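Working notes, beginning with the structure itself.
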Amino acid sequence: TNGDPIQMVLTGWSSIGNSGTPALTPYDYDPLNVPTYGWLYNWHAVNDPRGLCPTDWHVSDRDDWDVLIASLGAADAGRRLKAKSGDPVPWDGLNSIGFNAVPAGYRKSDGIYANLGSGAYFWTSEAYSSVSGHDYYVSSGEYEVTDNYYSKKGGLSIRCVMAVSDTTPSVTTEAATS
């Protein structure tokens with residue numbers, strides 16, 4: 001929110017995560033992946049008190065996700081959020097509300113990248129434990145959105161949300177700062 005840069009980490013991901021330093025990374029060390037798949041953030045960046053999203057926006061929390069999933073129908077929410085075959089990053093979804101989840105994969109706490117092309121993983125702003133944060137993900141061939149938790153040292157995508165009413169969040173991926 002305040003415009004401070006977040007440290008981009010290509011190597012040394014584990015030590016940055018161990019230190020609690022906010023960080024972001026492009027998939028597979030390649031900044032050319034950012035326009036297509038966005039940044040992957042560690043949980044420390046998501047919960048940095050300076051804020052990651054623009055003013056009047058916030059990193060989605062579990063309530064935001066639960067309302068979104070319920071409004072789409074839990075059994076089909078993942079398919080409705082994922083990009084469709086004709087989108088710029090084609091996937092096996094319907095993209096029926098413009099959420100356009102792309103299979104950006106994630107970065108493990110040890111620095112290894114995984115699941116580009118087959119999964120989209122989104123942090124929430126809520127901790128699961130002292131070492132894990134809550135996240136939600138969608139996967140290739142699946143119709144549902146899965147509620148999960150992951151190591152705070154890992155790298156996942158985010159969604160910034162501005163509530164437009166008490167029950168219907170509006171979501172964008174263009175809002176995060178780097």
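The values are calculated or read from the model by the stated rules, or taken from the named source; none is laboratory data. Keep in mind that what you see is a predicted model, and the values were worked out from it rather than measured. Glycine also receives a Cβ, built like all others from the backbone with ideal geometry; neighbour counts cover every protein chain displayed. For accessibility, only protein heavy atoms count, side chains too; no ligands or nucleic acids. Shrake-Rupley method; radii C 1.70, N 1.55, O 1.52, S 1.80 Å.
When V138 is tested against (1) of a type in the set (V, I, T); (2) open to solvent by 40 Å² or more (accessible area, probe 1.4 Å); (3) in a strand (DSSP E or B), only condition (2) is not met.
Looking only at residues in segment 115-126 that are touching a residue at least 40 places away in the same chain (Cβ under 8 Å) and surrounded by fewer than 24 Cβ atoms within 10 Å (Cβ to Cβ), which one is farthest from H58 (Cα to Cα)?
Going through segment 115-126, the residues touching a residue at least 40 places away in the same chain (Cβ under 8 Å) turn out to be 116, 122-126.
Now drop any that are not surrounded by fewer than 24 Cβ atoms within 10 Å (Cβ to Cβ), which leaves 116, 125-126.
Values: L116: 25, S125: 8, E126: 12 Å.
Applying the filter and picking the extreme gives L116.
Scanning segment 68-103 for residues that are without any contact (Cβ under 8 Å) to a residue 12 or more places away in the chain, within 20 Å of G38 (Cα to Cα) and among the small types (G, A, S) turns up S85, G86, G98.
For beta carbons closer than 6 Å, sequence separation of 6+ or different chains, a first residue in segment 36-56 that is outside any helix (DSSP H, G or I) and a second that is of a type in the set (S, T, N, Q) and open to solvent by less than 50 Å² (accessible area, probe 1.4 Å), the qualifying pairs are G38/S157; L40/T25.
Considering every residue within segment 12-19, establish whether at least one is under 23 Å from H134 (Cα atoms) and in a loop (DSSP other than H, G, I, E, B). Can you show your working first?
Our first condition is that a residue be under 23 Å from H134 (Cα atoms); within segment 12-19, this holds for 13-19.
Still in the list and also in a loop (DSSP other than H, G, I, E, B): none.
Checking segment 12-19: not a single residue is under 23 Å from H134 (Cα atoms) and in a loop (DSSP other than H, G, I, E, B).
Is it the case that some residue within segment 144-167 is open to solvent by less than 10 Å² (accessible area, probe 1.4 Å), part of a strand (DSSP E or B) and among the charged types (D, E, K, R)? Checked segment 144-167: no residue is open to solvent by less than 10 Å² (accessible area, probe 1.4 Å), part of a strand (DSSP E or B) and among the charged types (D, E, K, R). Only residues that are among the polar types (S, T, N, Q) and part of a strand (DSSP E or B) were counted across segment 110-135, and they come to 4.
A single member of D87, D76 is over 15 Å from Y137 (Cα atoms), more than 15 Å from the chain's Cα centre (by Cα) and surrounded by fewer than 21 Cβ atoms within 10 Å (Cβ to Cβ), and it is D87.
Table: residues versus (1) under 17 Å from the mean Cα position of the chain (by Cα); (2) open to solvent by less than 30 Å² (accessible area, probe 1.4 Å).
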residue	(1), (2)
G12	no, no
D28	yes, no
W39	yes, no
N42	yes, yes
K82	yes, yes
N95	yes, yes
N100	yes, no
G105	yes, yes
D110	no, no
